[in-house]
1. Kindly establish whether Asp327 is in contact with a Pro (Cβ under 6 Å, 6 or more places away or on another chain), surrounded by fewer than 22 Cβ atoms within 10 Å (Cβ to Cβ) and within 23 Å of Glu444 (Cβ to Cβ).
2. So, Asp617, is that one at pLDDT 95 or above and surrounded by fewer than 23 Cβ atoms within 10 Å (Cβ to Cβ) or not?
3. With respect to the numbered conditions (1) under 23 Å from Pro538 (Cα atoms); (2) free of Cβ contacts under 8 Å to residues at least 60 places away in the same chain; (3) part of a helix (DSSP H, G or I), which one is the sole condition not fulfilled by Val59?
4. Taking segment 267-280 on its own, how many of its residues are of a type in the set (S, T, N, Q), touching a residue at least 12 places away in the same chain (Cβ under 8 Å) and either under 25 Å from Arg58 (Cα atoms) or part of a helix (DSSP H, G or I) (or both)?
5. Run Glu651 past the list (1) in contact with a strand residue (DSSP E or B) (Cβ under 9 Å, 6 or more places away or on another chain); (2) closer than 24 Å to Leu339 by Cβ and report the number of the one that doesn't hold.
6. What number of residues in segment 188-215 are under 28 Å from the mean Cα position of the chain (by Cα) and at pLDDT below 95?
7. Based on what the data block shows, is Val438 farther than 22 Å from Arg387 by Cβ, in a strand (DSSP E or B) and out of contact with any Asp or Glu (no Cβ under 7 Å at 6 or more places or on another chain)?
8. Among the residues that make up segment 182-194, is at least one of them free of Cβ contacts under 8 Å to residues at least 12 places away in the same chain, more than 30 Å from Phe55 (Cα to Cα) and either assigned by TED's automatic domain parsing to the domain that holds Asp52 or in a loop (DSSP other than H, G, I, E, B) (or both)?
Amino acid sequence: MVAEAAKDPGRFLNRELSWLAFDERVLALAADPSLPLLERLRFQAIFASNLDEFFQVRVASLLDRVAGGVTKASADGRRPRQQLREIRAEVGRLTDLEEATFLDGLLPALRAAGIDLVDWGDLDEADRNWCALEFDARIFPVLTPLAVDPSHPFPYISDLSLSLAVRAQPAGSEEIRFARVKVPSLLPRFLHLPDSDRFVPVEQVIAAHLHRLFPDAAIVSVDAFRLTRSADLDLDETEADDLLAAVETELRRRRFNRAVRLDVTSTMPTEVRTLLLDELELSDDDVYAHRMLLGGADLVELVALDRPDLLRAPLPVVPHPQFDAPDVDLFAAIRAQDLLVHHPNHSFRSSVEAFVTTAASDPAVLAIKMTLYRTSEDGELLQSLVRAAEEGKQVVVLVELKARFDEQVNIVWARRLEAAGAHVVYGIAGLKTHAKTVLVIRDEPGGLRRYAHVGTGNYNASTARFYEDLGLFSADPSVGDDLIGLFNYLTGFGTETDYRTLLVAPHHLRTSLVALIRGERGADGGRIVMKMNSLVDPQLIDELYAASADGVRIDLVVRGICCLRPGVPGLSENIRVRSVVGRYLEHSRVYHFANGAGPGRPAAWIGSADLMPRNLDRRVEVLVPVRPAALRTRIEDMLDVLLADDVLAWELDGDGRWHRVRDRGGSGAFESQMELHRRTMQWT
């Protein structure tokens, strides 16, 4: 039966529908009455933001395949057109659920709590007079009406921009004309009315004052719409003599990428919708009509209100105990033993940032080498690298210019680092560098010593406050030597490198993971626990199926996309899949094998790689072993806590449906993120 199942594409779940299933789990938190109200509103906004990205990336890719005549099916057997049909149906269902969650749940609850999102039609004369003053002072000067007529072509509509479609009849004319008014993103989405926490959408204020923009015309209709464009870069790295300049050029061109979705109000007249679809070269299948406000991601503005009674109290962040002293010698602490940090419970600033900042100012440090995928715009960490380069240290930074949505920030930092004298490189053509590594070379009495940090998360102090991630600090010579080889590979001619300790993609990470999975099949007490963001790769899924058939117990904690079907008789009855969705974004990748270091000898790796074809074959990724027994025990404890969660956890069934654990008989008393925070406090 296993052999027959291995030939059936139905053994895989569809990647795109699995992404949408994750978004539905996020939306479920917005409807959860046990959460504080503004936390629920935050999840509502995250749902909308995730859906925006889904269209920018995944739907755009499928549309490109259809336009290019590609009919090749995905691993689950669906062709591009079929996937688009199923996506449309599922997004339609989720949109209905989103609107019910907001209109029937959150909106009345906000009003009861004294936060009122009001329509223009509900304002009294005093409120309207105040809005008129605000319009004159802050809004009117930055608006630009763009008429459409024979001398004015249809205007360019930017990605994720909110606009008003205006039909107006000029004085003395029988013709009804069309114009577009963009709602500038520099304006707040909601105007805060005086004397209370009441808010009116800014587009409604603009709509009410269109006579100021069209003084000699009668306004016939006005309707909001919002456009989504593809976020892909059309970049041929092999033809680019200057990758940085090529990426900058493509970023400018991306503004004009194809439109992939049109969101409109449900009351928009048919003739206006038809005009927009024709001008934007979209079809009826690309338009989504809404009862609620467009651009739900903007609701995050209201989460920033000073209402601590409607938010969870932030959990305290603590330094790692070995880094917690005013005169601590970070290098001595790392030299004494490998150190494991768990963010956001452990402070990013007093660990990762302090490691780089200390290295930058330490006279004994000769070189700092680092990979950079995503970072904050004003990060202290990169400021330290700039200072180190200016002081003459050898600073090498691999900047990934193609990190989607962070390209511009990375370009800015690349130029600043180059101007300071750092060696900035952009990696290997055809590969993204996604690894999270820092290597410090220090001149010590016994000779040059290498200090390393290998992590699961980006070097970004902002996201480190709410992304769950792990990082290992080590002075192990084998780790340092492997990182030297990695950086030589990235900055040299890209030749093959032998690694003693690290598992590196695209070199041998795939084959190493296959060998580790197969090793559990031939061992007593075979056991695999993996934690990741996404599980998509068909070969690795088939290896897990085969291990399950041989009796290996497998637990997978997959935050987002999962294409594996668990619990299917004859295929995967020994595999359990769960997802944990809570206040922190579960971001760490952990791979634990009960016999990974030999029979009866467990082994664990952490790092940057998910189990997706892109991570294993088209990216530079690094996993590092967690060797000290005490640290490996902490990894095992963390995995056990996640597998025991009955508050934040969901479980996947063989039909591809996710079920909340606490809705299936769980006590709802054991929340993994709170428990792991408590244990981190005990470690300190």
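The values are calculated or read from the model by the stated rules, or taken from the named source; none is laboratory data. All figures in this text were calculated on a predicted structure; none of them were measured in a lab. All Cβ positions, even for glycine, are placed from backbone atoms using ideal geometry, and neighbour counts span all protein chains on display.
1. Numbers: in contact with a Pro (Cβ under 6 Å, 6 or more places away or on another chain): no; surrounded by fewer than 22 Cβ atoms within 10 Å (Cβ to Cβ): yes; within 23 Å of Glu444 (Cβ to Cβ): yes.
Spelling it out, it is not the case that Asp327 is in contact with a Pro (Cβ under 6 Å, 6 or more places away or on another chain), surrounded by fewer than 22 Cβ atoms within 10 Å (Cβ to Cβ) and within 23 Å of Glu444 (Cβ to Cβ).
2. Details: at pLDDT 95 or above: yes; surrounded by fewer than 23 Cβ atoms within 10 Å (Cβ to Cβ): yes.
Yes.
3. Condition (2) is where Val59 drops out.
4. Of the residues in segment 267-280, the ones of a type in the set (S, T, N, Q) are 267, 270, 274.
Now drop any that are not touching a residue at least 12 places away in the same chain (Cβ under 8 Å), which leaves 267.
Remaining after also requiring either under 25 Å from Arg58 (Cα atoms) or part of a helix (DSSP H, G or I) (or both): none.
Total satisfying the criteria: 0.
5. In the conditions (1) in contact with a strand residue (DSSP E or B) (Cβ under 9 Å, 6 or more places away or on another chain); (2) closer than 24 Å to Leu339 by Cβ, Glu651 misses (2) alone.
6. Summing the residues that are under 28 Å from the mean Cα position of the chain (by Cα) and at pLDDT below 95 in segment 188-215 gives 0.
7. Numbers: farther than 22 Å from Arg387 by Cβ: no; in a strand (DSSP E or B): yes; out of contact with any Asp or Glu (no Cβ under 7 Å at 6 or more places or on another chain): yes.
Answer is no for this residue.
8. No: zero hits.
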